[in-house]
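**Student:** Quick one: structure below, then a few questions.
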Amino acid sequence: MKKISVIVLLASLLIGCKTENIGLDEVREAISLEETKTILFTLASDDMKGRDSKNGGYAKAAGFVEDYFQKHNIQPFYPAYRDSLMTDSLWSYNVVGSIGKYDPNKKTVLIGAHLDHIGIKEQEGDSIYNGANDNATGSTAVLQIARFLSQKKWKQNVVVALFADEEKGLKGAYHLAERMKKEQVDLAYMVNFEMLGITLTTGANQVYMTGYNLSDMADKMNAFSPNFVQFLPQAKEYNLFRRSDNYAFYEAFGVPAQTLSTFDFKNYGHYHKAGDEAEKMEVDNMNTVIGTAAYTIAKLLDKEVNIEMKEKEE
Ligand SMILES: [Zn+2]
């Protein structure tokens, strides 16, 4: 009996050593407001020409992401991080990184956001569509979360992706989803970020999830971060679940693949307008949201939480 209890004790100690014991304070410290501002203002600057592939702006933004990944020890998932595709006779590419070395025998968690926006339009006055909220904010979240996650070891593969050509019909995401499916990546779930720059009407440090009832992802996230993930009736009404990159992964893999956002149709009047600028973003709340998301995802990864489908999509 004594021997057994010693073995049990040793075993539990060993298991104890494996968990990362991530604390919210640690995450808050790592996800700094300065860094959030730097990434956001870079991606949404006039220099990036609205991040469209036609005018070279997208390539510039993608180059910034590649440098960021390299600097923070995020490995290339594909050579030079690039998953190339052609949309309307123009080459573009998703930027895809891996936290640590990818192991094909392990399950994979994907974290993504679209990096592209709609470019420059010929018109009087401001002609550059900077796409600060849509989606420099979501891209900032993915870069910050990737940098935080890259400092630790996880039991599952973690792949991070910045998508091209979302604004042309989720083209980049469809390309990557089909490629990963063909390459037999064992996708567990996907978390996508869209428009996080303005405080959600229900309150600070909150997001809503598209396809809320399709899986238990919201419940599992809220178990670590109470009230963080909300249900938004408009998300169901406008079928937002199908309107961002998450949908391509749901279609290809049939696993939970959902978007977190704070744009609720009441809180921001510059959606798809030239006035969608970095100066208008509520960066304090945005940074808090990114920190909470990083903490929540780190907890899901640390405990290898299983996220399951609940309903079939209507
Ligand atoms: Zn968007």
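**Student:** Considering only region 36-69, how many residues are free of Cβ contacts under 8 Å to residues at least 40 places away in the same chain and either assigned to a helix (DSSP H, G or I) or within 23 Å of Ile99 (Cβ to Cβ) (or both)?
**Tutor:** Count: 9.
**Student:** Tell me which residues, restricted to region 120-149, are out of contact with any Leu (no Cβ under 9 Å at 6 or more places or on another chain) and farther than 18 Å from Lys280 by Cβ.
**Tutor:** Within region 120-149, Ile120, Lys121, Glu122, Gln123, Glu124, Gln144, Ile145, Ala146, Arg147, Phe148 qualify.
**Student:** Looking at (1) away from the ligand (no atom under 12 Å from the Cβ); (2) touching a residue at least 60 places away in the same chain (Cβ under 8 Å); (3) under 22 Å from Ala294 (Cβ atoms); (4) touching a strand residue (DSSP E or B) at 6+ places or on another chain (Cβ under 6 Å), can you tell me which one Ser225 breaks?
**Tutor:** (4)
**Student:** Which one is surrounded by the fewest Cβ atoms within 10 Å (Cβ to Cβ) among residues in region 199-216 that are of a type in the set (Val, Ile, Thr) and within 15 Å of the ligand (Cβ to nearest atom)?
**Tutor:** Thr210
**Student:** Right, here's the next one. Condition first: within 26 Å of Lys106 (Cα to Cα), buried (at least 20 other Cβ atoms within 10 Å of the Cβ) and in contact with an Asp or Glu (Cβ under 9 Å, 6 or more places away or on another chain). Can you find one or more residues in region 260-270 that meet it?
**Tutor:** The answer is yes, given that some residue of region 260-270 is within 26 Å of Lys106 (Cα to Cα), buried (at least 20 other Cβ atoms within 10 Å of the Cβ) and in contact with an Asp or Glu (Cβ under 9 Å, 6 or more places away or on another chain).
**Student:** With the condition being small (Gly, Ala, Ser) and in contact (Cβ under 8 Å) with a residue 60 or more places away in the chain, I'd like the strands (runs of 3 or more DSSP E) fully within region 70-160 carrying at least 2 qualifying residues. Walk me through how you get there before you give the answer.
**Tutor:** Numbers: elements: 82-87, 90-99, 108-114.
Hits in region 70-160: 90-99, 108-114.
**Student:** A follow-up question, please. Quick check on region 98-106. Is at least one of its residues more than 12 Å from the chain's Cα centre (by Cα), within 16 Å of the ligand (Cβ to nearest atom) and surrounded by 24 or more Cβ atoms within 10 Å (Cβ to Cβ)?
**Tutor:** So far as region 98-106 goes, no, none of its residues is more than 12 Å from the chain's Cα centre (by Cα), within 16 Å of the ligand (Cβ to nearest atom) and surrounded by 24 or more Cβ atoms within 10 Å (Cβ to Cβ).
**Student:** Next question, about the same structure. Quick check on this structure: which one of Ala278, Ala274 is surrounded by fewer than 19 Cβ atoms within 10 Å (Cβ to Cβ), of a type outside the set (Lys, Arg) and over 18 Å from Val109 (Cα atoms)?
**Tutor:** Selected residue: Ala274, the only one of Ala278, Ala274 that is surrounded by fewer than 19 Cβ atoms within 10 Å (Cβ to Cβ), of a type outside the set (Lys, Arg) and over 18 Å from Val109 (Cα atoms).
**Student:** Testing Ile120 on (1) of a type in the set (Val, Ile, Thr); (2) within 16 Å of the ligand (Cβ to nearest atom); (3) surrounded by fewer than 24 Cβ atoms within 10 Å (Cβ to Cβ), one condition comes back false. Which one is that?
**Tutor:** Going through the list (1) of a type in the set (Val, Ile, Thr); (2) within 16 Å of the ligand (Cβ to nearest atom); (3) surrounded by fewer than 24 Cβ atoms within 10 Å (Cβ to Cβ), Ile120 breaks only (2).
**Student:** Being touching a residue at least 12 places away in the same chain (Cβ under 8 Å) and part of a loop (DSSP other than H, G, I, E, B): is that true of Glu166 here?
**Tutor:** Here the answer is yes, as Glu166 does meet what is asked.
**Student:** Now, a different point. Within region 180-198, does at least one residue satisfy the condition of being away from the ligand (no atom under 13 Å from the Cβ), part of a helix (DSSP H, G or I) and among the hydroxyl-bearing types (Ser, Thr, Tyr)?
**Tutor:** No: zero hits.
**Student:** How many of the residues in region 144-173 are within 16 Å of the ligand (Cβ to nearest atom), of a type outside the set (Lys, Arg) and buried (at least 20 other Cβ atoms within 10 Å of the Cβ)?
**Tutor:** 10
Throughout, read-outs are computed from the coordinates displayed, never taken from laboratory work. Computed from a predicted model, the values in this text were never measured in an experiment. Ideal geometry is used to build each Cβ from the backbone, glycine not excepted, and the neighbour counts take in all protein chains shown.
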